[in-house]
1. Could you list all residues from the range 124-160 that are at pLDDT 95 or above, surrounded by fewer than 20 Cβ atoms within 10 Å (Cβ to Cβ) and assigned to a helix (DSSP H, G or I)?
2. Could you tell me which of the residues 123, 134, 138 is out of contact with any strand residue (DSSP E or B) (no Cβ under 6 Å at 6 or more places or on another chain) and without any contact (Cβ under 8 Å) to a residue 40 or more places away in the chain?
3. Residue 163: surrounded by 15 or more Cβ atoms within 10 Å (Cβ to Cβ), more than 18 Å from residue 119 (Cβ to Cβ) and at pLDDT below 95, yes or no?
4. Does residue 113 qualify as being assigned by TED's automatic domain parsing to the domain that holds residue 198, at pLDDT 95 or above and more than 18 Å from residue 163 (Cβ to Cβ)?
5. Does the range 35-51 contain any residue that is within 18 Å of residue 108 (Cβ to Cβ) and in a helix (DSSP H, G or I)?
6. Give 21, 86, 99, 45 a once-over and let me know the one that is at pLDDT 90 or above, in contact with a strand residue (DSSP E or B) (Cβ under 8 Å, 6 or more places away or on another chain) and farther than 30 Å from residue 198 by Cα.
């Protein structure tokens with residue numbers, strides 16, 4: 001199964017802006033798409049199924065297709081990574097965080113797991129954000145979270161991320177921040193991106 005070709009064809013479906021096919025060992029487990037609101041999610045799934053059948057003789061289970069739709073104003077751009085969605089699943093004492101971002105025409109999905117504790121949640125979100133970004137960063141470059149906090153500053157809560165970038169044998173400490181408006185989760189992702197925005201164009205996989 002030519003997964004890159006399938007992914008490229010899905011991106012060309014009218015209304016779809018970005019797509020990612022997760023298929024370890026050639027077996028499709030997940031298809032994630034970012035789309036405009038010109039079609040219903042059900043119609044987009046049907047289009048993907050029809051494309052798979054017509055071009056690849058492939059039967060795609062509708063249950064593996066995940067559709068995120070945004071307004072045109074939220075989709076435009078793409079030079080810098082943009083947050084699409086953050087989801088969390090708690091199973092007993094363990095929390096699984098998934099961060100989905102769009103960078104140009106790619107959907108980047110990162111995951112992190114750990115203790116389901118309020119004190120560890122910000123770091124898990126930051127780790128999932130880096131896990132997503134690593135998919136579009138060139139080899140020989142490493143990123144890690146050194147600290148992730150949400151302190152009070154001047155009467156307002158602020159997400160503050162400290163990231164270490166290792167490249168060509170040297171370390172560089174990067175700091176980013178974002179005010180917490182309505183959603184702490186999104187502020188944490190924005191803080192990580194703020195720390196990295198200046199260096200991402202230089203380390204991006206072309």
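1. 131
2. Of 123, 134, 138, the one residue that is out of contact with any strand residue (DSSP E or B) (no Cβ under 6 Å at 6 or more places or on another chain) and without any contact (Cβ under 8 Å) to a residue 40 or more places away in the chain is 134.
3. No, not satisfied.
4. When the stated conditions are applied, residue 113 passes them.
5. no
6. 45
The values are calculated or read from the model by the stated rules, or taken from the named source; none is laboratory data. On a predicted model such as this, the values are computed, not experimentally measured, just so you know. Every residue, glycine as well, gets a Cβ built from its backbone with ideal geometry; the counts of neighbours run over all protein chains shown.
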